[in-house]
Amino acid sequence: MNTLSIGLMGLNFFSGNLGCCALAYSFRSVLEEVAEQEGMHIDLTIYTGARHLEWERSQCGLVTESVVWFSPRKPVSLCSFVQSVSDQDVIFDFTEGDSFADLYGMKRFCSTVLSKRIAERHCTRFILGPQTYGPFSSSVSRALASGCIRKASAIFSRDDESARLIEELTGRKATVTTDVAFALPYEKRLTHPRAVGVNVSGLLWNGGYTGNNQFGLRVDYREYCRQLAGVLLDRGHEVHVIGHVFGDGSSPDEDYAACKDLCSEEPRCILAPRFRTPMAAKSYISSLGAFTGARMHATIAAFSSGVPTVPFAYSKKFAGLYGSLGYDFIVDARELDTPEAVLRTVRFLTESQRESECMASALAAAYGQLSTFKSSIRDILLDTVMARKDSR
């Protein structure tokens with residue numbers, strides 16, 4: 001039986017951010033599918049800076065998993081990282097879906113670039129998985145990003161806009177697919193038509209990491225959430241307030257405290273539980289009659305489980321992903337003021353027939369792209385096996 005050593009970078013099984021976890025579990029399910037189809041054993045190495053290493057291990061008998069911890073600030077761990085990377089047949093890097101950008105600050109961006117350059121130098125096949133590329137707002141970040149992209153063995157983008165940026169920066173063409181989180185498994189629940197899920201982003205509730213409207217929204221996000229919940233409740237809906245990022249309460253990025261704040265201000269709302277896995281969150285969301293949210297992977301969980309969905313966009317990644325699928329029921333907080341955003345969200349949530357038709361078309365496109373991506377991954381792994389045999 002053929003065995004491949006595969007490294008996973010920027011796929012976080014251990015995060016309280018269930019969106020990051022959704023990417024990790026979804027891509028692992030793709031690898032499991034290939035392993036079973038081809039009778040191939042896959043030895044996964046998960047690279048992480050997380051301290052708490054608890055996750056749901058693969059139930060596929062053909063897949064084994066181990067973890068290598070490293071930090072750019074710890075030279076000893078970097079040496080272990082380099083050695084481990086050198087032992088891999090292929091490395092897939094997803095940069096947590098949207099972190100290959102300077103949007104979240106140059107410190108985080110430079111750390112991302114460093115790990116990519118090490119992997120490219122020491123592993124023969126370095127693959128950039130489907131993700132959003134950019135924004136790269138400075139000449140420095142554009143130069144660093146283009147250097148990483150040029151060195152990659154293969155490049156996948158999850159939207160057309162990112163593919164255009166890649167070609168502009170490097171002259172290379174990316175393979176456009178969709179977000180692998182569309183493949184996240186879940187347990188379908190009985191639908192409650194009058195129940196509407198409102199995903200509250202702690203990051204936006206707190207004004208971003210900087211606390212001063214970091215993402216340049218025209219919408220007053222807290223007021224938007226209050227008004228939206230009130231309008232929906234007054235119209236006879238159940239409003240389920242749902243977090244998708246959880247932690248110990250120390251980070252402005254966490255959703256649960258913001259969700260509790262909204263529920264205390266509007267006690268008629270129902271506070272959803274703290275979910276342990278993205279699969280549990282998606283299963284809960286699948287029971288709702290409609291959904292809106294500012295966490296993109298929370299909206300993908302709703303969308304891919306057939307729930308009418310209105311993404312609340314704070315960055316280009318929303319329009320990029322959903323626009324590539326031909327889905328335009330998006331509320332852009334950078335373009336609309338608070339009253340306009342509330343009205344548009346409510347209108348979209350209640351235009352169920354046109355939205356359902358558009359969703360059906362978009363889902364067909366997403367699953368078609370996902371099928372093509374799975375075939376590409378299968379080809380990459382089989383080519384890697386053949387290349388290794390030829391080198392002996």
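Identify the single condition in (1) part of a helix (DSSP H, G or I); (2) in contact with a Cys (Cβ under 7 Å, 6 or more places away or on another chain) that ILE166 does not satisfy, given that it satisfies every other one.
(2)
Would you call MET386 assigned by TED's automatic domain parsing to the domain that holds PRO135 and without any contact (Cβ under 8 Å) to a residue 60 or more places away in the chain?
In short, yes.
For the condition in a loop (DSSP other than H, G, I, E, B), at pLDDT 95 or above and not hydrophobic (A, V, I, L, M, F, W, C), what is the one hit in PRO185, PRO252, PRO273?
PRO273
Would you be able to tell me the number of residues in the stretch 319-329 that are touching a helix residue (DSSP H, G or I) at 6+ places or on another chain (Cβ under 6 Å) and under 18 Å from ALA181 (Cβ atoms)?
Result for the stretch 319-329: 4.
For the stretch 190-216, enumerate the residues that are touching a strand residue (DSSP E or B) at 6+ places or on another chain (Cβ under 9 Å) and not in a helix (DSSP H, G or I).
If the condition is that a residue be touching a strand residue (DSSP E or B) at 6+ places or on another chain (Cβ under 9 Å) and not in a helix (DSSP H, G or I), then THR191, HIS192, PRO193, ARG194, ALA195, VAL196, GLY197, VAL198, ASN199, VAL200, SER201 are the ones that fit.
Which condition number does ASP43 fail, the rest of (1) touching a Pro at 6+ places or on another chain (Cβ under 8 Å); (2) in contact (Cβ under 8 Å) with a residue 40 or more places away in the chain being met?
Result: ASP43 passes all but (1).
Confirm whether SER315 is under 25 Å from ASP220 (Cβ atoms) and either within 23 Å of the chain's Cα centre (by Cα) or assigned by TED's automatic domain parsing to the domain that holds GLU223 (or both).
yes
Which of the numbered conditions does TYR224 fail, given that it passes all the others? Conditions: (1) of a type in the set (Ser, Thr, Tyr); (2) surrounded by 16 or more Cβ atoms within 10 Å (Cβ to Cβ); (3) more than 14 Å from THR292 (Cα to Cα).
(3)
For MET279, only one of the following conditions fails: (1) crowded, with 21+ Cβ neighbours inside 10 Å; (2) modelled with pLDDT of 95 or more; (3) of a type outside the set (Gly, Ala, Ser). What is its number?
Going through (1) crowded, with 21+ Cβ neighbours inside 10 Å; (2) modelled with pLDDT of 95 or more; (3) of a type outside the set (Gly, Ala, Ser) one by one, MET279 breaks only (1).
Which of (1) within 19 Å of the chain's Cα centre (by Cα); (2) of a type in the set (Asp, Glu); (3) in a helix (DSSP H, G or I) is the odd one out, the single condition GLU120 does not satisfy?
GLU120 satisfies all of (1) within 19 Å of the chain's Cα centre (by Cα); (2) of a type in the set (Asp, Glu); (3) in a helix (DSSP H, G or I) except (1).
Can you name the residue in the stretch 351-389 that is farther than 30 Å from PHE126 by Cα and touching a strand residue (DSSP E or B) at 6+ places or on another chain (Cβ under 9 Å) and is also surrounded by the most Cβ atoms within 10 Å (Cβ to Cβ) among such residues?
MET359
Just to be sure before I move on: is LEU343 surrounded by fewer than 18 Cβ atoms within 10 Å (Cβ to Cβ), assigned by TED's automatic domain parsing to the domain that holds CYS259 and at pLDDT 95 or above in the structure I sent?
Here the answer is yes, as LEU343 does meet what is asked.
Right, VAL219: in a strand (DSSP E or B) and of a type in the set (Val, Ile, Thr) or not?
Against the criterion (in a strand (DSSP E or B) and of a type in the set (Val, Ile, Thr)), VAL219 does not qualify.
Go through (1) among the acidic types (Asp, Glu); (2) over 16 Å from LEU217 (Cβ atoms); (3) at pLDDT 95 or above one by one and return the number of the condition GLU357 breaks.
For GLU357, the exception is condition (3).
Can you pull out the residues in the stretch 159-195 that are over 22 Å from the mean Cα position of the chain (by Cα) and among the aliphatic types (A, V, I, L, M)?
LEU169, LEU190, ALA195
Residues are listed down the side, and each one gets a yes or a no for (1) among the aliphatic types (A, V, I, L, M); (2) at pLDDT 95 or above:
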site: GLY19; (1), (2): no, no
site: ALA24; (1), (2): yes, yes
site: PHE27; (1), (2): no, yes
site: LEU31; (1), (2): yes, yes
site: HIS41; (1), (2): no, yes
site: THR48; (1), (2): no, no
site: ARG51; (1), (2): no, no
site: GLU54; (1), (2): no, no
site: ARG73; (1), (2): no, no
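Would you say ALA258 is surrounded by fewer than 19 Cβ atoms within 10 Å (Cβ to Cβ) and outside the structural domain of GLN131 (by TED's automatic domain parsing)?
Here the answer is no, as ALA258 does not meet what is asked.
Applying the selection to the stretch 124-142, what residues are assigned to a strand (DSSP E or B) and among the β-branched types (Val, Ile, Thr)?
Once the filter is applied, which keeps residues that are assigned to a strand (DSSP E or B) and among the β-branched types (Val, Ile, Thr), the stretch 124-142 yields only ILE127.
With the condition kept exactly as written, say whether any residue in the stretch 97-110 is of a type in the set (A, V, I, L, M, F, W, C), surrounded by fewer than 22 Cβ atoms within 10 Å (Cβ to Cβ) and under 30 Å from GLY39 (Cβ atoms).
no
Could you say whether any residue in the stretch 73-94 is under 28 Å from GLY208 (Cβ atoms), surrounded by 19 or more Cβ atoms within 10 Å (Cβ to Cβ) and within 20 Å of the chain's Cα centre (by Cα)?
Checked the stretch 73-94: at least one residue is under 28 Å from GLY208 (Cβ atoms), surrounded by 19 or more Cβ atoms within 10 Å (Cβ to Cβ) and within 20 Å of the chain's Cα centre (by Cα).
Quick one: PHE373 ticks every box in (1) within 28 Å of LEU165 (Cβ to Cβ); (2) outside the structural domain of PHE156 (by TED's automatic domain parsing); (3) modelled with pLDDT of 95 or more; (4) assigned to a helix (DSSP H, G or I) except a single one, so which number is it?
Of the numbered conditions (1) within 28 Å of LEU165 (Cβ to Cβ); (2) outside the structural domain of PHE156 (by TED's automatic domain parsing); (3) modelled with pLDDT of 95 or more; (4) assigned to a helix (DSSP H, G or I), the odd one out for PHE373 is (2).
Any idea how many residues of the stretch 270-327 are in contact with a strand residue (DSSP E or B) (Cβ under 8 Å, 6 or more places away or on another chain), more than 17 Å from ASP159 (Cα to Cα) and β-branched (Val, Ile, Thr)?
Total meeting the criteria: 6.
The values are calculated or read from the model by the stated rules, or taken from the named source; none is laboratory data. Given the structure is predicted, the values throughout are model-derived calculations rather than measurements. Cβ: placed from backbone, ideal geometry, glycine included. Neighbour counts: every protein chain shown.
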